[in-house]
Amino acid sequence: MALFHGQKFTGSLSNEQGVLYVLMTGKWKNTARFVKRIHPGSVGDVQNFITYQANIQNIKRSLKVKVQRDGQIDVELNLKLPVDIVEYARNHLQDKANVRRLNRQLSEIMTQDAEQIIRTLQENGCDAFGVGRQLIAHHPVVWKSVDWNKEYPNVRFHPQVTVDIVGNGILN
């Protein structure tokens with residue numbers, strides 16, 4: 001996925017990052033499927049991975065731009081992902097404690113991935129979430145007082161991705 005600053009190509013996101021990025025922007029249309037390593041051990045061992053897909057119709061996303069008294073710009077980006085487990089070699093998805101652990105673990109992994117995506121966007125000067133437009137619309141005095149090209153890398157993003165396992169298909 002290509003990143004732009006104005007009309008200039010400045011960087012890219014990987015295919016895996018691209019899926020989460022689209023969910024973070026709120027412009028999803030199809031199923032979003034993820035494969036994550038959740039257990040230590042060999043990368044070649046399928047027992048260490050989980051495959052899940054987001055229920056697109058039920059995703060909740062919120063983006064709030066706040067300007068602090070000192071002029072610091074903070075962005076809260078929350079994403080709630082109800083997911084179905086597609087493949088999990090270790091099963092045990094009937095155990096509620098195990099499901100809670102997986103929810104917590106997947107939420108942490110996805111939040112870290114979101115933070116990495118945001119760092120990449122900021123390093124490349126790509127305001128893909130439209131924070132500048134939010135400032136123009138809701139904080140015009142602040143917008144007129146900042147050089148957005150210099151200020152954007154200093155914006156503090158606070159992403160939070162919450163994964164909630166709601167189904168496990170035909171797995172036990």
#### Entry: Extension gain from Lys29 to Gln116, taking 0.36 nm per residue of separation minus the Cα-Cα distance
29.0 nm
#### Entry: Two-decimal Rg/Rh across the range 22-172, once Rg and the Kirkwood Rh are taken from alpha-carbon atoms
1.07
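Want the number for His138 to Gln105: 0.36 nm per residue separation, take away the alpha-carbon distance, what's left?
Extra length available between His138 and Gln105 comes to 8.3 nm.
Tell me, what is a quarter of the convex hull surface for the C-alpha atoms of the range 5-91, in nm² with one decimal? Show your work: numbers first, answer last.
Details: hull surface 36.0 nm².
One quarter of the hull surface, i.e. the mean projection, equals 9.0 nm².
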### Task
Under 14 Å from a label point 7 Å along Cα→Cβ of Gln47: give me every residue in the range 68-92 with its amide N that close.
89-92
### Query
How high is the relative contact order of the range 1-104, in percent, with contacts defined as C-alpha pairs under 8 Å that are six or more residues apart?
19
### Message
Could you derive backbone 3J(HN,Hα) for the range 72-84 from the dihedral phi with the Karplus parameters 6.51, -1.76 and 1.60 (θ = phi - 60°), listing whole Hz in sequence and x where the residue is Gly or Pro?
### Response
5, 9, 10, 10, 9, 10, 10, 9, 9, 10, x, 10, 10
### Message
If you fit an axis through the alpha-carbon atoms of helix 15-25 and take the longest principal axis of the Cα set of the chain, what angle between them do you get, 0 to 90°, nearest 10?
### Response
60
### Task
Return one number: the angle in degrees, 0 to 90 and rounded to the nearest 10, between the long axis of the Cα atoms of helix 96-123 and the longest principal axis of the Cα atoms of the chain.
30
### Under 5 Å, built H, 5+ apart or other chain: amide partners of Ile38
Phe49, Ile50
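Rounded to the nearest 5, what is the percent of antiparallel bridges among the DSSP beta bridges in the chain?
Numbers: 23 of 34 bridges.
Once the DSSP bridges in the chain are tallied, antiparallel ones form about 70 percent.
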## Note on the structure
For the range 134-150, in residue order, the Karplus 3J(HN,Hα) values (coefficients 6.51, -1.76, 1.60; θ = phi - 60°; whole Hz; Gly and Pro = x) are 4, 5, 4, 6, 10, 9, x, 5, 5, 4, 6, 8, 10, 8, 4, 4, 8
### Query
Relative to a virtual label point 7 Å from the Cα of Arg37 in the Cα→beta-carbon direction, which members of the range 1-21 show backbone nitrogen distances below 16 Å?
16-17
### Task
Show the residues, 5+ positions off or on another chain, whose built amide H is closer than 5 Å to the amide H of Asp164.
Leu81, Val83
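Taken together, the values in this text are just the output of simple stated rules run on the coordinates, not laboratory data. Values in this document were obtained by computation on a predicted structure and should not be read as measured data. Methodologically, a virtual Cβ is constructed for each residue, glycine included, from the backbone with ideal geometry; neighbour enumeration extends over all protein chains shown.
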